[in-house]
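Throughout, read-outs are computed from the coordinates displayed, never taken from laboratory work. None of these values were measured; they are calculated from a predicted model. Don't worry about glycine lacking a Cβ; one is built from the backbone with ideal geometry, like all the others, and counts go over all protein chains shown.
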Amino acid sequence: MLASLGGNLGGITTQLLGLDGGKLAERLQLDAVYPVRGLKRCVDGVYGFEFQYPASWLADQTVAYRAAQRAEASRALDMPPLARPPRQRPNVYEPVAAYGPAGS
């Protein structure tokens with residue numbers, strides 16, 4: 001039973017979280033993991049924004065990959081190189097999150 005709730009097997013968790021109109025899911029931010037009433041939520045604590053998007057939409061993999069690379073570089077465990085690092089490209093403003101229908 002616990003595995004079916006945690007894994008949203010058959011949409012059980014989604015249905016249970018939607019019973020109260022999604023209020024509990026919103027308060028606990030569970031709608032960022034499980035779709036509630038056909039919507040999921042994107043919450044970003046660093047930049048302080050949140051929005052809802054249709055549960056059928058997917059995250060843009062390029063944006064997610066670049067964010068993971070930046071996070072990994074900021075937490076590197078290796079010692080910095082002794083030689084002067086190569087010149088880095090100038091700041092490029094990229095979206096923090098991007099979602100859309102599959103294939104778009």
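Hey, can you tell me all the residues within segment 53-69 that are closer than 20 Å to GLU94 by Cα, surrounded by 11 or more Cβ atoms within 10 Å (Cβ to Cβ) and not aromatic (Phe, Trp, Tyr)?
Once the filter is applied, which keeps residues that are closer than 20 Å to GLU94 by Cα, surrounded by 11 or more Cβ atoms within 10 Å (Cβ to Cβ) and not aromatic (Phe, Trp, Tyr), segment 53-69 yields LEU58, ALA59, ASP60, THR62, VAL63, ALA64, ARG66, ALA67.
Can you tell me how many residues within segment 19-67 are more than 22 Å from ASN8 (Cβ to Cβ), polar (S, T, N, Q) and part of a strand (DSSP E or B)?
Of the residues in that region, 0 qualify.
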